[in-house]
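Right, one structure below, let's go through it.
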Amino acid sequence: RGGGTAAALPDPDYPRRYTLYTIFYSLTELEARFFEVLKAKFRPEECSQEGLDTLRCSPSPSKTFLSDDGPDSTQSDNGIDFNDPVHVLNLILCTSTRSCKDEQIQERVALLIQNHKILLLSLKISRVTLIILRPDGGYPAFHTFRDRLDYQEDLIYRHLNPPRAFIIEIGRLSVNYDVDHVLDGPVSNRHIRIYIATQKKNGESSRTDMKRFFVRSMVLGRVMADAEDSIAFLRHDLEQMIQESCESLALSKGYIERSTGKEVAYNRFGTLQMCNHMFLAVLPHLLLSRHEAIAVLQEVADRHFRRLRQVGVIEVEVTLTLMEQEHSAQGHMRGGGAGGGGAGGQEGPGMQPTRLRVV
């Protein structure tokens, strides 16, 4: 500002994350070779952006293995501590038979991780994810252990692939609420997650007994051919996911009451309290302008208004990625209906993805 020459700001330094995928064909092999794999294979300092640097590889243990040596500077200019755990270890268990139940596997691996947590912390491993593949090709089981929980399992992320948690914005829930995942409930769709949340204390006058349901859903799909295909996708696939989310919410309410013995209160209209929230992440890129997308979303919401009200949903939030022209307006946007959209896409030399958030 002030007419001076703008100097380019340097890119901030971030610690590089190293992810190791390991495959074991039996639980016994995993337990026997866990220490050996970490000692011989976990070498983040020998890895470059292009992959493992074979010239620097050696059969000796990693330099960071149980070593007190660290970088010359432990903190970047933007306050990031390079000594904080950042790396990821993925344990993939692929067995041809189901000799053990998932609960038994989880308990044995949890004990194994606890016995090696000092080693994991010295290697700056922030997350260990156990992935149990099914012999019949079914959906795998996920168990995530985090350093901030003393390498105990993070139950909020059970059976959820951690990268997908970013898509459905799980982290937002823990800011103002104490969150519990409705585990082993009646929800059969793996792309729908139901959470029950209690508001955190914020002063003496806060209502700490208020409980809300949060629904997190992913709408998967295909590559869109044109605008008509994108509209048909929203009207069919998104609409179907809203219906399944409503049914899952209603079933989860009954499941919570049976498992806890506490009733989830109704309001004076005989429906669930109007305080629940539904979030849907649409993954395919849509060939639509903003006002076209918002108009279709409003149409879908109007058709399901009565059912959403019955299950106590006060707000539906949808995130999408639109392919717009290069010189169209950029950035995030929140719309409240068909009238909340900006100008539609214009003719241009190319297309670029634009994130859109509609509430």
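The values are calculated or read from the model by the stated rules, or taken from the named source; none is laboratory data. Quick caveat, the model's predicted, so the values are computed rather than measured. Cβ: placed from backbone, ideal geometry, glycine included. Neighbour counts: every protein chain shown. The protein model used for the area step is the full one, side chains on, heavy atoms only, and it has no ligands, DNA or RNA in it. Shrake-Rupley method; radii C 1.70, N 1.55, O 1.52, S 1.80 Å.
With the condition kept exactly as written, say whether any residue in region 193-200 is farther than 21 Å from Glu29 by Cα, in a loop (DSSP other than H, G, I, E, B) and open to solvent by less than 50 Å² (accessible area, probe 1.4 Å).
No, region 193-200 contains no residue that is farther than 21 Å from Glu29 by Cα, in a loop (DSSP other than H, G, I, E, B) and open to solvent by less than 50 Å² (accessible area, probe 1.4 Å).
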Completion exercise
The lone condition Asp150 fails out of (1) at pLDDT 90 or above; (2) open to solvent by less than 40 Å² (accessible area, probe 1.4 Å) is (2)
Exercise for the section: Would you confirm whether any residue within region 215-233 is in a helix (DSSP H, G or I), out of contact with any strand residue (DSSP E or B) (no Cβ under 9 Å at 6 or more places or on another chain) and modelled with pLDDT under 75? Expected result: no
Exercise for the section: Any residue in region 186-212 that's more than 30 Å from Glu244 (Cα to Cα): show its pairings with residues that are at pLDDT 75 or above at Cβ separation under 7 Å, as long as the two are six or more apart or on different chains. Expected result: Ser206/Gln199; Arg207/Gln199
Handout entry: Meets criteria (in a loop (DSSP other than H, G, I, E, B), outside the structural domain of Phe214 (by the TED database), of a type outside the set (Phe, Trp, Tyr) and out of contact with any His (no Cβ under 9 Å at 6 or more places or on another chain)) for Arg148
Key = no
Practice task
May I ask you to verify whether Val318 is open to solvent by less than 40 Å² (accessible area, probe 1.4 Å) and either at pLDDT 90 or above or more than 18 Å from Asp180 (Cα to Cα) (or both)?
Solution key: yes
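Select from region 175-192 the residues that are open to solvent by less than 60 Å² (accessible area, probe 1.4 Å) and modelled with pLDDT under 80 and list them in ascending order. Spell out the reasoning first.
First, the residues of region 175-192 that are open to solvent by less than 60 Å² (accessible area, probe 1.4 Å): 177, 179, 181-183, 185-187, 189, 191-192.
Of everything in region 175-192, those that are open to solvent by less than 60 Å² (accessible area, probe 1.4 Å) and modelled with pLDDT under 80 turn out to be Leu183, Gly185, Pro186, Val187.
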Practice task
Hey, could you check region 273-298 for residues that are open to solvent by 60 Å² or more (accessible area, probe 1.4 Å) and part of a helix (DSSP H, G or I) and say which is farthest from His236 (Cα to Cα)?
Solution key: His291
